[in-house]
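Since the structure comes first, as structure tokens, the remarks are kept for the end.
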Amino acid sequence: MATAKLLIFAGSARTLSFNKKLARIAADAVHRSGAEVTYLDLRDYALPIYDGDLESAEGLPVTALVLRRLFREHDGFVIASPEYNASLSPLLKNTIDWVSRRAEDGDYKDFFQNKSAALLATSPGASGGARGLPALRQVLAHLGVQVLEHQVSIPRQTEAFAEDGSLTNFAQRAEVDALVQLLLKNIAQQRARRDEAVERSGSAAGRIQAG
Ligand SMILES: Cc1cc2nc3c(=O)[nH]c(=O)nc-3n(C[C@H](O)[C@H](O)[C@H](O)COP(=O)(O)O)c2cc1C
């Protein structure tokens, strides 16, 4: 079976973003598991705030086209999402909105459907950013992404992360590892189900021809 390919990013552009640290930890866990991983820093993929007039006049920004290709090429996403007023960040929502638009290179189905996602968050408070994840979950599910029920949130981020960006608590590192493993298992199961469906429709077509 082909190796799973995961796209990993944080919903923060900040250089010292704790969610970027968390996304990198998840990327390392994917790498160790032998799957393919692409880590994105959304600061490198700047997009204007979505504006329908801009889209009508100029089409999709080049950055959006590049992101769409990356979304299409991967089997799943790991997203570390900062909590902004109990929701996802405008950066993350804006990125998803541009990627979801219909254009010559495809529509939302090509970039989101049949993909799986795992969500993480970290914040300074006791909830660890978990209160922002339902909003992100809703957006992704609406686009056809299968979002794992299990999620990881890391509270009190200033104490949780060491200077080098690692998580100081072994149990929290293990939680991130376990989440990545769950996502890879989910992708393998989805693939197996799709292959089975293709095989079934192939043999049904064969029977019709033979009959
Ligand atoms: C506009 C705004 C709203 C925020 N709202 C919340 C919130 O509702 N809950 C929370 O725990 N932290 C909140 N925070 C704090 C962020 O979780 C914190 O700054 C976090 O470190 C941001 O993620 P980053 O380090 O990846 O950039 C908010 C921060 C900003 C800028």
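The values are calculated or read from the model by the stated rules, or taken from the named source; none is laboratory data. These numbers were taken from a predicted model, which means no experiment stands behind them. Glycine gets a Cβ as well: all are built from the backbone with ideal geometry, and neighbour counts include every protein chain shown.
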Practice item. Select from the stretch 132-166 the residues that are among the hydroxyl-bearing types (S, T, Y) and surrounded by fewer than 19 Cβ atoms within 10 Å (Cβ to Cβ) and write down the one among them that is farthest from P82 (Cα to Cα). Key: S166
Point to revise | Residue check, L88 touching a helix residue (DSSP H, G or I) at 6+ places or on another chain (Cβ under 7 Å) and closer than 25 Å to D164 by Cβ | key: no
Practice item. Output yes when any residue across the stretch 6-21 is of a type in the set (A, V, I, L, M, F, W, C), farther than 15 Å from A117 by Cα, within 11 Å of the ligand (Cβ to nearest atom) and in a loop (DSSP other than H, G, I, E, B), and no when none is. Key: yes
Point to revise | Breaking point among (1) crowded, with 21+ Cβ neighbours inside 10 Å; (2) within 16 Å of the ligand (Cβ to nearest atom), for R68 | key: (2)
**Study point:** Residue within the stretch 16-24 that is surrounded by fewer than 15 Cβ atoms within 10 Å (Cβ to Cβ), farther than 21 Å from V145 by Cβ, of a type in the set (S, T, Y) and modelled with pLDDT of 95 or more present
**Key:** no
Exercise for review: Would you mind finding the one in N85, N169 that is surrounded by fewer than 17 Cβ atoms within 10 Å (Cβ to Cβ), farther than 16 Å from K21 by Cβ and at pLDDT 95 or above?
Suggested key: N85
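Conditions (1) more than 14 Å from the ligand (Cβ to nearest atom); (2) in contact with a Lys or Arg (Cβ under 9 Å, 6 or more places away or on another chain), marked per residue:
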{"residue": "V78", "(1), (2)": "yes, no"}
{"residue": "E83", "(1), (2)": "no, yes"}
{"residue": "S87", "(1), (2)": "no, yes"}
{"residue": "T95", "(1), (2)": "yes, no"}
{"residue": "A103", "(1), (2)": "yes, yes"}
{"residue": "F111", "(1), (2)": "yes, yes"}
{"residue": "S116", "(1), (2)": "yes, no"}
{"residue": "R137", "(1), (2)": "yes, no"}
